[in-house]
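Inspection log for the structure reproduced underneath, given as structure tokens.
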Amino acid sequence: MKKLVVVGNGMAGVGCVEQILRHAPAFDITILGEETHVNYNRILLSSVLAGEKPADEITLNPLEWYWRNKIRLRVGARAVDVDADLKVVMTEDGEVTSFDTLLLATGSSALMPPIEGIEKDGVFAFRTLDDTRALLERAKPGVKAVVIGGGLLGLEAARGLQVQGCDVTVVHLMDSLMERQLDTLGSFYLRAKMESLGIRVLLAHSTKKILGEKKVQAVAFVDGTRVDADLVVVAAGIRPNTDLARRAGLLVNRGIVVNDYMETSHPDIFAVGECVEHNGICYGLVAPLIEQGKVLAATMTGNKGPTYTGTVQAAKLKIMGVDVFSAGAWTDGAGVEAVRFEDPALGIYKKLVLRDGRLAGVILVGDTSDSHRYMDWLRSQADLTGQRRHLLFPPAGEDAGLDIAQMSENATICGCVGVTKGAIISAIHDRGINTLSQLKEATRAGTGCGSCTSLCQDVLRAVAPDFQEDGRRVLCGCVPFAQDNLREILRSQRLKSVQDVLDIYGNGEGCEICKPALSYMLDMLWCGDHDEDRSARFINDRVHANIQKDGTFSVIPRIRGGVTTPAELRRIADVAEKYQVPMVKITGSQRIDLLGVRKEDLPKVWADLGMPSGQAYTKGVRMVKTCVGTEFCRFGTQDSTSAGIEMERRFENLFTPHKVKMAAVGCPRNCAEATVKDIGLVGQEGGWQVVVGGAAGKSVRRADLLITVETTESALEAAELFFQYYREHGNYLERTYDFVERIGIDKVRKDTVYAPEPARLALLDRLRKSKNASYDAWQEGRSPVNRTQFIPLHPIEPVQDLTA
């Protein structure tokens, strides 16, 4: 069995090994990794820096994968020399590893310009997981951070640092940001967006010196000006790592020279990734490296045939709320024509460059929703002469399924990990995939930056025989319509009773599935202005308590935020004694449960308690769990108790597609487990993180970061926006964690906290109307004198975004 040694445990090297394994080769594989981590997704480092993902969630290949495939992995093993004649690799620790075949996947390193003082404490690169962790240790509220470099990586680093509370300045040598990907006008729109987020941008500034004795204190420029700094991030480009290749005697220019089969100048040494040069081009993005790996795997396993002919270079800025996409040759010049659109009010700029009727390049700023269509045109070089009227805007009502059908099988759906449309279709047919989560697990599509989620859903919708995550399944046999269609039917025809819906669009009778669902839809759509049929509700909703296995009921009064009073405790104790309640239990939701109450006693129990229902039985807001926060806890950074109580007041008594559990914690120690709740507020120095879609049941799901804001009111408003959006778009009996997975967190953010002001105001207004129509469930049948009115605490303004 031949010994294959891979130098490099990154995305290119391991991605190539994955392709090699698919050919069932006879290789004894050893991987030498300089970093001390298993293979991880470098694309998501900016998400780790911004706090959107923890470091342990970006792992691509856990240790178990190496063991399962009988791969010897040496981490922290820096290769320092290669003897091509003896066929050995030497590592820094003195160990010698022999090979029959060598794969160099050494990647690239951050380019550190010859700036005086660049060696000082407080100067960082932003290239690896260790770099990211080091930055997170230094990035605190009030820290002055300077990022040298206005390219993709520099802007992502800047935004991540700002989310952590830093005062950030971006310094760029050129007179426009991302000049390799954007023209002057596109850069202008990008700069305006970055500055609107609170990031200072200095263009045409050449850094002369980093000031300070041992630690960074300031950055000085050639023009004599300076900027104070506590830390500096250098993101001035990358340099291919070619030292080993030179020592092995390989042909090296800027990178390791390879041919179309990814072969180097030595027959037993191959190279892939950012360290290689193909036809004079070194690629620094992930998608080309995946394509190279597929070709090289075929070459190395004796299946030589596919060739690498180069990649249409495309770049996407991974900053939440800042949509930028660029691909191909977008420059103006002889023989090309440009088609442009711009809307300064919306911050949207689009530019297509055509050559001989075919797309040559594209720039999108502010709206990147059609990027996949343009990439397909760039790759296929389709003749667009007949589509000139619809280049920038597809025809009204164009079916997404048709758009998908027109894409070639080789079109890349997920650029982060190189998954094509053909690979997704094969996985759907071969494995019976019909959900987005299954597709992610099988192909990794959508596990990178997440921008391809909607495209993956379109493919599933078009191909999977029973796609279960797009909301298109019929409600039940009684009412054979999808829930989104039903909502539109109820709205457009102004149907306001369950029976009317069943008579007109159903079987006239209904069942335990459709009747509660229709009751919820009517309540949500008409904000209480409908014909409420209590017989259509589940038994728990009808009697305002949770039925137990012995036929008795559980009564839980509402104790907002887990905060009660001696008087409330006395009333609960008196009721428990009076009605001989078998068990009084403190719940995991910081409330008190009276278990074993007889059905006939329920009205009297509620009357004697004189407390609102905690609605522990309903498809609605259950509770908000809180920690002590700042009032007593020495670690608290935000007043989580008050925030939690206020959040509960705003949402209680409202119906939702499924139960909603919430929490507010005063610091990242997370004592009330906010990160596994449907909606959570996580306090931190200088603000709040608002997280959504968490779960702690049979399967645990860490909540996604919706947004990071400075004030409690902004955090509550962001929670309100998500809450109402879920109410309106969630399928009945769909928890928030399934809803977020189905819709995609990017779309959720875009339609809520990043939505234009009129859309946000409309969501909040509909929530206000529903809240004003709600009242405590135990008072049903009486005059709802204790209605909880929705009282906005301030004129509603756009949420200030501190996320990325």
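Quick check on my filter: what residues within region 624-645 are assigned to a helix (DSSP H, G or I) and open to solvent by 50 Å² or more (accessible area, probe 1.4 Å)? First the steps, then the outcome.
Taking region 624-645 as the starting set, the residues that turn out to be assigned to a helix (DSSP H, G or I) are 640-645.
Scanning region 624-645 gives a single hit, S642.
Of the residues making up region 9-18, those that are buried (at least 21 other Cβ atoms within 10 Å of the Cβ) and either touching a helix residue (DSSP H, G or I) at 6+ places or on another chain (Cβ under 8 Å) or under 14 Å from K294 (Cβ atoms) (or both) are G10, M11, A12, G13, V14, G15, C16, V17.
Limited to region 333-361, what total is found for residues that are assigned to a loop (DSSP other than H, G, I, E, B), more than 17 Å from V322 (Cα to Cα) and either touching a helix residue (DSSP H, G or I) at 6+ places or on another chain (Cβ under 8 Å) or modelled with pLDDT of 90 or more (or both)?
To start, the set of residues in region 333-361 that are assigned to a loop (DSSP other than H, G, I, E, B) comprises 333-336, 344-347, 356-357.
Imposing the further condition that a residue be more than 17 Å from V322 (Cα to Cα) reduces the set to 333-336, 356-357.
Narrowing further to those that are either touching a helix residue (DSSP H, G or I) at 6+ places or on another chain (Cβ under 8 Å) or modelled with pLDDT of 90 or more (or both): 336, 356-357.
Here the count works out to 3.
Residues of region 149-196 that are without any contact (Cβ under 8 Å) to a residue 40 or more places away in the chain, charged (D, E, K, R) and over 24 Å from F341 (Cα atoms): D167 alone.
Listed here are the residues, each with its yes/no results for (1) open to solvent by 50 Å² or more (accessible area, probe 1.4 Å); (2) among the aromatic types (F, W, Y); (3) over 22 Å from E119 (Cα atoms).
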{"residue": "D175", "(1), (2), (3)": "yes, no, yes"}
{"residue": "G186", "(1), (2), (3)": "no, no, yes"}
{"residue": "K193", "(1), (2), (3)": "yes, no, yes"}
{"residue": "G224", "(1), (2), (3)": "yes, no, no"}
{"residue": "V232", "(1), (2), (3)": "no, no, no"}
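The set of residues from region 642-659 being over 27 Å from the mean Cα position of the chain (by Cα) and within 16 Å of E713 (Cβ to Cβ) comprises S642, I645, E646, R649. Scan region 295-302 and tell me whether some residue there is more than 29 Å from the chain's Cα centre (by Cα), at pLDDT below 95 and open to solvent by 50 Å² or more (accessible area, probe 1.4 Å). Within region 295-302 (the criterion being more than 29 Å from the chain's Cα centre (by Cα), at pLDDT below 95 and open to solvent by 50 Å² or more (accessible area, probe 1.4 Å)), the answer is yes, since at least one residue qualifies.
Residue-by-condition table, conditions (1) under 19 Å from A12 (Cβ atoms); (2) of a type in the set (A, V, I, L, M, F, W, C); (3) in contact with a Leu (Cβ under 6 Å, 6 or more places away or on another chain):
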position	(1), (2), (3)
G224	no, no, no
V252	yes, yes, no
N259	yes, no, no
N279	yes, no, no
L285	yes, yes, no
P288	yes, no, no
V312	yes, yes, yes
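With respect to T565, determine if the residue is at pLDDT 85 or above, open to solvent by 20 Å² or more (accessible area, probe 1.4 Å) and under 43 Å from the mean Cα position of the chain (by Cα). Here the answer is yes, as T565 does meet what is asked.
I'm checking my understanding of the structure. Among residues of region 87-97 that are touching a residue at least 12 places away in the same chain (Cβ under 8 Å) and open to solvent by 50 Å² or more (accessible area, probe 1.4 Å), which one is farthest from C16 (Cα to Cα)? Full working, then the answer.
Start the filter on region 87-97 by keeping residues that are touching a residue at least 12 places away in the same chain (Cβ under 8 Å), which leaves 87, 89, 91-93, 95, 97.
Filter once more, so that each one left must be open to solvent by 50 Å² or more (accessible area, probe 1.4 Å): 87, 92-93, 95.
Values: K87: 21, E92: 24, D93: 26, E95: 24 Å.
In this case the residue turns out to be D93.
A quick yes/no check of all residues on (1) closer than 30 Å to R138 by Cα; (2) in contact (Cβ under 8 Å) with a residue 12 or more places away in the chain; (3) hydroxyl-bearing (S, T, Y):
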| site | (1), (2), (3) |
| --- | --- |
| A236 | yes, yes, no |
| L251 | no, yes, no |
| T264 | no, yes, yes |
| D268 | no, yes, no |
| V272 | no, yes, no |
| G280 | no, yes, no |
| L285 | yes, yes, no |
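For region 257-307, which residues satisfy the criterion of being assigned to a strand (DSSP E or B) and touching a strand residue (DSSP E or B) at 6+ places or on another chain (Cβ under 8 Å)? Give the steps one after another, and end with the answer.
Step one: of region 257-307, the residues assigned to a strand (DSSP E or B) are 257-258, 263, 269-271, 276-278, 281.
Once the filter is applied, which keeps residues that are assigned to a strand (DSSP E or B) and touching a strand residue (DSSP E or B) at 6+ places or on another chain (Cβ under 8 Å), region 257-307 yields V257, V258, E263, I269, F270, A271, V276, E277, H278.
Contact map, region 374-394: residues that are touching a residue at least 12 places away in the same chain (Cβ under 8 Å) paired with residues that are open to solvent by 80 Å² or more (accessible area, probe 1.4 Å) and not in a helix (DSSP H, G or I), Cβ distance under 8 Å, separation 6+ or inter-chain. Pairs shown: W377/R358; R379/N410; Q381/R358; A382/R358; D383/R358; L384/R358.
Do you know which residues across region 318-330 are part of a loop (DSSP other than H, G, I, E, B) and either modelled with pLDDT under 90 or of a type in the set (F, W, Y) (or both)? Even if it seems obvious, please write down each step before you answer.
First, the residues of region 318-330 that are part of a loop (DSSP other than H, G, I, E, B): 318, 320-321, 323, 329-330.
Answer for region 318-330, where residues must be part of a loop (DSSP other than H, G, I, E, B) and either modelled with pLDDT under 90 or of a type in the set (F, W, Y) (or both): K318, M320, G321, D323, W330.
Residues that are out of contact with any Cys (no Cβ under 9 Å at 6 or more places or on another chain), crowded, with 24+ Cβ neighbours inside 10 Å and modelled with pLDDT under 95 within region 264-289 comprise just one, P288. I'm told A315 meets every condition in (1) touching a helix residue (DSSP H, G or I) at 6+ places or on another chain (Cβ under 7 Å); (2) in a strand (DSSP E or B); (3) open to solvent by 30 Å² or more (accessible area, probe 1.4 Å) except one. Can you identify the failing condition by its number? Of (1) touching a helix residue (DSSP H, G or I) at 6+ places or on another chain (Cβ under 7 Å); (2) in a strand (DSSP E or B); (3) open to solvent by 30 Å² or more (accessible area, probe 1.4 Å), only one is false for A315: (3).
A search for C-beta distances below 7 Å between a residue of region 530-556 that is in a loop (DSSP other than H, G, I, E, B) and any residue that is of a type in the set (D, E, K, R) and at pLDDT 65 or above, counting only pairs 6+ apart in sequence or on different chains, returns H530/K496; H530/D523; T552/R598; I556/R591; I556/D593.
Results for (1) open to solvent by 20 Å² or more (accessible area, probe 1.4 Å); (2) not aromatic (F, W, Y), shown as yes or no for each residue.
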| position | (1), (2) |
| --- | --- |
| L104 | no, yes |
| P113 | yes, yes |
| F126 | no, no |
| R133 | yes, yes |
| A139 | no, yes |
| V143 | yes, yes |
| G150 | no, yes |
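Using the structure shown, decide if L21 is of a type in the set (A, V, I, L, M, F, W, C), touching a residue at least 40 places away in the same chain (Cβ under 8 Å), surrounded by fewer than 20 Cβ atoms within 10 Å (Cβ to Cβ) and in a helix (DSSP H, G or I). Yes; evaluated as a whole, the condition is true for this residue. Filtering region 44-60 to residues that are crowded, with 20+ Cβ neighbours inside 10 Å and either out of contact with any strand residue (DSSP E or B) (no Cβ under 8 Å at 6 or more places or on another chain) or part of a loop (DSSP other than H, G, I, E, B) (or both) leaves L44, L45, S47, V48, L49, A50, G51, E52, I58, L60.
Within region 500-515, track down each residue that is open to solvent by less than 80 Å² (accessible area, probe 1.4 Å) and more than 37 Å from the chain's Cα centre (by Cα). Reasoning before the result, please.
Of the residues in region 500-515, the ones open to solvent by less than 80 Å² (accessible area, probe 1.4 Å) are 500-502, 505-506, 508, 510-511, 514-515.
Within region 500-515, D500, V501, L502, Y505, G506, G508, G510, C511 meet the criteria.
Would you pick out the residues in region 647-686 that are crowded, with 20+ Cβ neighbours inside 10 Å, assigned to a helix (DSSP H, G or I) and either out of contact with any strand residue (DSSP E or B) (no Cβ under 7 Å at 6 or more places or on another chain) or at positive phi (or both)? Within region 647-686, R650 is the sole residue that qualifies. Residue count for region 709-734, restricted to those that are surrounded by fewer than 23 Cβ atoms within 10 Å (Cβ to Cβ) and assigned to a loop (DSSP other than H, G, I, E, B): 6. A single entry from V362, V324 fulfils the requirement of being touching a residue at least 60 places away in the same chain (Cβ under 8 Å) and either under 30 Å from L161 (Cβ atoms) or not hydroxyl-bearing (S, T, Y) (or both): V324.
The values are calculated or read from the model by the stated rules, or taken from the named source; none is laboratory data. Note that the coordinates shown come from a computational prediction; the quantities given were computed from them, not determined experimentally. Counting neighbours? That spans all protein chains shown, and the Cβs are built from the backbone with ideal geometry, glycine included. We work out accessible area using only protein heavy atoms, side chains counted, and drop any ligands, DNA or RNA first. Shrake-Rupley method; radii C 1.70, N 1.55, O 1.52, S 1.80 Å.
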